[in-house]
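The values are calculated or read from the model by the stated rules, or taken from the named source; none is laboratory data. This is a predicted model, so every value here is computed, not measured. FYI the Cβ positions are ideal-geometry reconstructions off the backbone, even for glycines, and counts take in every protein chain you see.
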Amino acid sequence: MAAGDSYCLVLLHNGQLYRVQPRLQAELLFVRLEAPPRSNSGTKRSIFGIPKAPSSPIIEHIACGSHINVAISSENSVYSIPSCLHQFSERQFRVKQLQCGFEHAVLLNVNGDVFTWGNGLRGQLGQAVLRVEETPQLVEALAGIKITQIAAGGWHSAAISAFGDLYTWGLNCSGQLGMRVMKPGGLLKEPTVYPLPQLQDLPECGCPQESRGSDDCAPLRAFAGSRHTLMIRQCGRLWATGWCKHGQLGKRLQNLSYLDSFKALEGIVVNPSSDNVLCGPWSTLIFLRKLEN
């Protein structure tokens, strides 16, 4: 499932896509997607020469934002539901992860390449020029770096590489990129928009496992809300940055409006290999099997 402002998308095991309105006793409605452009092989016909009706695309990935709803088919067709806006021609192209912010989408393939499209006027696409991209564009600044995981916030994005590096880009109005918003003791603000991916110089983890080697505490996964970002390290410790007026960065930090950089959520250790952290626009959910003292 993927939830947006207007409806929820429901993807079945057979690749069929449905939507449901946010109201009581709502019914599942089948989503009819536009057929992708025909290939050079021509129209498929039956053994009697009768043209076959185009089959419904088999959907494998879905994601929703406030103003963007995206689906990817098994044939690598990219849909801005219900319209087909792009077709990846490479047969070996395989999608690993798909994320949506408020107005942009981020796609990661199995080769470690990152593609973005949508509204990029706040730098959330990772491109040098701030503009709207109608079709997926390769993030050239990350070309040659194998990315293993991505996250899309409201107007910012994040990526983690196979080398254990964290990159963030986009809007930094509340410190959601992990960089200082305001210099200590002054009112001079740093840039609020970083259009190109920024390599983060993360603080030392400080957990007992760190003595085993630097890889034990390397960034593993990232999660993003409207104006906050969370990161899990290999050791299972959670780190956070950004806006926490609504307590989205933890109870101990709820009185701060923003953080200057990534700070540890003390006492919280999760299984780094499980899907146990979720970021909503203004909230965070952390699933724990038991509380640690």
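Here are the numbers for this structure:
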| read-out | value |
| --- | --- |
| Only listed residue being within 27 Å of the chain's Cα centre (by Cα), at pLDDT 95 or above and not β-branched (Val, Ile, Thr), chosen from Ala35, Ala63 | Ala63 |
| Residue match in the range 79-97 (condition: among the hydroxyl-bearing types (Ser, Thr, Tyr) and in contact (Cβ under 8 Å) with a residue 40 or more places away in the chain) | yes |
| Qualifying position, being surrounded by fewer than 21 Cβ atoms within 10 Å (Cβ to Cβ) and within 16 Å of the chain's Cα centre (by Cα), among Gln87, Gln97, Gln92 | Gln97 |
| Flag for Asp260 being acidic (Asp, Glu), at pLDDT below 90 and touching a strand residue (DSSP E or B) at 6+ places or on another chain (Cβ under 8 Å) | yes |
| Cβ-Cβ under 7 Å pairs, at least 6 apart or on other chains, the range 6-30 side touching a residue at least 12 places away in the same chain (Cβ under 8 Å) and outside any loop (DSSP other than H, G, I, E, B), far side small (Gly, Ala, Ser) and loosely packed, with under 15 Cβ neighbours inside 10 Å | Val20/Ala26 |
| Hits in the range 130-154 (condition: β-branched (Val, Ile, Thr), in contact with a Pro (Cβ under 8 Å, 6 or more places away or on another chain) and more than 23 Å from Ser226 (Cβ to Cβ)) | none |
| Matching entry among Gly123, Gly112 (being assigned to a loop (DSSP other than H, G, I, E, B), touching a helix residue (DSSP H, G or I) at 6+ places or on another chain (Cβ under 9 Å) and either within 13 Å of Ser157 (Cα to Cα) or at pLDDT 95 or above (or both)) | Gly112 |
| Glu140, sole failed condition from (1) modelled with pLDDT of 95 or more; (2) in contact with a Gly (Cβ under 6 Å, 6 or more places away or on another chain); (3) farther than 16 Å from Pro281 by Cα | (2) |
| Test result for Ser56, modelled with pLDDT under 95, surrounded by 14 or more Cβ atoms within 10 Å (Cβ to Cβ), over 30 Å from Tyr167 (Cβ atoms) and among the polar types (S, T, N, Q) | yes |
| Test: residue in the range 127-136 that is surrounded by 16 or more Cβ atoms within 10 Å (Cβ to Cβ) and of a type in the set (A, V, I, L, M, F, W, C) | no |
| Residues of the range 128-151 that turn out to be assigned to a loop (DSSP other than H, G, I, E, B) and under 27 Å from Ile81 (Cβ atoms), as a count | 4 |
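The rows are residues; the columns are (1) at positive phi; (2) hydroxyl-bearing (Ser, Thr, Tyr).
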residue	(1), (2)
Pro57	no, no
Ile68	no, no
Arg91	no, no
Gly123	yes, no
Val139	no, no
Gly144	yes, no
Ser157	no, yes
